[in-house]
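Participant: Just dropping this structure here.
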Amino acid sequence: MKKFDKERVLVAVAGPVIALVLAIVLTSVVLLASGKNPIEPYTLMLQQLPYSDIQVLIINQASLYYIAAIAVALGFRMNLFNIGVDGQYRLAAVMTAVVGAHLALPSFLQIPLLLLVAMATGSFWAGIAGVLKVTRGVSEVVATIMLNSIATAVIGYVTLTDVWGVQVGNNSTTGIMKKSGWFPGINLGSDVGEIYGLVFLAVLLGIGYWIVLNRTRFGFDLRATGASETAAAASGVDAKRMVLVSMLISGAIAGLAGLPLLLGESHTYSLSFPVGLGFTAIGIALLGRNNPGGIALAALLWAFLDKASPALDYATPVAYDKEIATIMQGLIVFAVVISYAFVQQWALRRQQRRVGAELAAAAAQNTNKEVAA
């Protein structure tokens with residue numbers, strides 16, 4: 001049993017490690033090809049880590065990435081590709097901002113209501129793709145990609161000044177939310193910044209994700225259906241129901257992804273609200289192997305690359321383009337696919353050799369018994 005556990009850990013760790021090493025090597029090749037130092041950019045970014053304000057920025061950004069990646073990972077465990085997390089999270093954020101700007105309740109009611117609005121909006125938007133899949137067989141990939149575009153159009157309509165929009169200079173916003181809906185954070189001083197209070201929501205979601213998947217019947221049914229719908233159906237699991245429920249839950253979690261920023265800092269939805277978060281979450285979920293701990297490390301890595309890379313613009317005597325971090329992120333996703341395929345093939349060959357050796361040993365033992373008899 002110990003040998004099996006060690007091998008399983010090795011397989012789980014090998015993929016991300018190979019992906020990171022390969023991404024660093026390929027990024028270094030790009031730097032060399034452009035005639036620049038292939039090591040200095042990493043050193044410059046690592047030098048940003050001791051600064052408290054950078055640490056706060058990384059933690060805050062990682063909380064958004066983590067929640068979105070958990071939504072993606074839940075779909076992956078069900079063998080569903082919820083590519084629509086970006087649209088679900090943005091639509092949920094804008095609707096939450098509208099409700100928060102036009103409704104004033106005491107904080108102990110306002111904040112839970114805003115959380116419910118975000119979850120309901122994200123769940124509804126993902127549920128459309130889920131219903132299309134179970135009733136008409138429409139691929140969730142196609143449906144969610146189209147829904148992303150529709151969500152962008154809906155957001156554009158909602159932020160019109162004759163609907164719920166408020167024009168602030170050249171920026172279209174939903175207006176400032178009532179203060180009872182602002183979620184307090186951990187203020188570390190004016191020079192450092194404030195950690196979003198909803199960072200702890202991300203932690204709770206990660207714990208809940210692990211418990212549901214590994215300690216509940218629903219989690220077992222979800223994993224079984226993702227592995228084989230036919231086998232799951234044979235054991236009494238309603239595969240279509242699991243697909244729909246999984247999409248609804250994934251959308252609900254996606255709806256929460258923008259709330260740490262919305263309730264903790266911006267307090268309004270505007271054109272400057274992050275776009276592409278859902279697509280970034282796909283790479284983070286892949287790098288983290290859909291494991292809550294792995295996703296947390298991947299989210300922190302991505303946030304570090306985002307928040308430390310601006311220092312490259314101010315390097316002396318030679319400045320580096322901060323897009324180096326973006327290139328590295330893209331190469332990580334590319335390397336993840338390659339490394340995981342390699343590791344899976346390697347693990348399969350090891351398992352086949354081990355089983356073959358055990359069968360050979362058993363056959364030899366039986367032969368010896370027959371000779372002795």
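The values are calculated or read from the model by the stated rules, or taken from the named source; none is laboratory data. Please read all numbers here as calculations on a predicted model, not as lab measurements. Cβ: placed from backbone, ideal geometry, glycine included. Neighbour counts: every protein chain shown. Protein only, heavy atoms only, side chains kept; ligands, DNA and RNA dropped before computing areas. Shrake-Rupley method; radii C 1.70, N 1.55, O 1.52, S 1.80 Å.
Participant: Rg/Rh for the chain to two decimals, with Rh computed the Kirkwood way over all alpha-carbon pairs.
Facilitator: On the way: Rg = 23.9 Å, Rh = 22.7 Å.
Over the Cα atoms of the chain, Rg/Rh equals 1.05.
Participant: To test your reading of the geometry: what angle, between 0 and 90 degrees and rounded to tens, separates the Cα axis of helix 239-255 from the longest principal axis of the chain?
Facilitator: So the inclination is approximately 40 degrees.
Participant: How big is D, in µm² s⁻¹, for segment 32-173 by Stokes-Einstein at 4 °C and 1.567 mPa s if Rh is the Kirkwood radius over C-alpha pairs? Intermediate results must be reported in sequence, preceding the final value.
Facilitator: Numbers: Rh = 18.2 Å.
Approximately 71 µm²/s, per Stokes-Einstein.
Participant: Right, something else. Angle, helix 107-136 long axis vs. longest principal axis of the chain, Cα atoms, 0 to 90°, nearest 10?
Facilitator: 50 degrees
Participant: Could you compute the FRET efficiency for F279 and A227, with r as their C-beta to C-beta distance and R0 at 22 Å, rounded to 0.05? Please list the in-between numbers first.
Facilitator: Working: r = 26 Å, r/R0 = 1.17.
Approximately 0.30, to the nearest 0.05.
Participant: Please name which of P292, V99, L359 has its Cα lying farthest along the dipole of the chain towards the positive end, using unit charges on Cβ (Lys, Arg +1; Asp, Glu -1) and the Cα centre as origin.
Facilitator: Projecting each Cα onto the dipole axis, the largest value belongs to L359.
Participant: Another question, then. Choose one answer from G236, G165, G175: the residue with the largest mean-square fluctuation in a GNM of the chain with alpha-carbon springs under 10 Å.
Facilitator: Among G236, G165, G175, the largest mean-square fluctuation in the Gaussian network model of the chain belongs to G236.
Participant: Next up: Calculate how steeply helix 217-227 sits against the longest principal axis of the alpha-carbon atoms of the chain, using the helix alpha-carbon long axis, and give the answer as 0 to 90 degrees to the nearest 10.
Facilitator: 70 degrees
Participant: A further question follows. How far is it, in nm, from the label point at T216 to the one at N79 when both lie 7 Å from their Cα along the line to the Cβ?
Facilitator: So the label points at T216 and N79 sit 2.2 nm apart.
Participant: I'd like the projected area of segment 289-368, averaged over all directions, using the convex hull of its alpha carbons. Report it in nm² with one decimal. Before the final figure, lay out the partial values.
Facilitator: On the way: hull surface 33.2 nm².
Mean projected area for segment 289-368: 8.3 nm², to one decimal.
Participant: Going by the alpha-carbon gyration tensor, a ≥ b ≥ c the square roots of its eigenvalues, is segment 293-335 rounded (a/c under 1.5) or, if a/c is not under 1.5, prolate (a/b greater than b/c) versus oblate? Don't jump to the answer; show the numbers that get you there.
Facilitator: Working: a/c = 4.21, a/b = 1.89, b/c = 2.22.
It comes out oblate by the Cα gyration axes.
Participant: Which FRET efficiency value, to the nearest 0.05, is calculated for N368 and S139 with the Förster distance at 56 angstrom and r the Cβ-Cβ distance?
Facilitator: On the way: r = 56 Å, r/R0 = 1.00.
Result of the calculation: an efficiency of 0.50.
Participant: To continue, here is another question. For the chain, with only Lys/Arg (+1) and Asp/Glu (-1) charged at the beta-carbon, what is the dipole magnitude about the Cα centre, in debye rounded to 20?
Facilitator: Details: 24 positive and 19 negative charges, 271 e Å.
The dipole magnitude comes to about 1300 debye.
Participant: Between segment 139-217 and segment 318-361, how many Å separate their Cα centres?
Facilitator: 33 Å
Participant: For a label point 7 Å from the Cα of A319 along Cα→C-beta, name the residues of segment 17-48 whose backbone N is under 17 Å from it.
Facilitator: Hits in segment 17-48 for A319 at 17 Å: 36-37, 41, 44-45.
Participant: Whole number in Å², please: accessible area per residue of segment 172-324, 1.4 Å probe, ligands, DNA and RNA not counted.
Facilitator: Values: 6930 Å² over 153 residues.
Accessible area per residue, segment 172-324: 45 Å².
Participant: When N counts the residues of segment 155-308, how does its alpha-carbon radius of gyration compare numerically with 2.2 N^0.38 Å, as a ratio?
Facilitator: Numbers: Rg = 19.3 Å, N = 154, 2.2 N^0.38 = 14.9 Å.
Normalised by 2.2 N^0.38 Å, the Cα Rg of segment 155-308 equals 1.29.
Participant: Extension gain T161-V17, at 0.36 nm per residue separation less the Cα-Cα distance, in nm? The partial results should precede the final answer.
Facilitator: Numbers: separation 144, 0.36 × 144 = 51.84 nm, distance 4.92 nm.
So the chain would gain 46.9 nm between T161 and V17.
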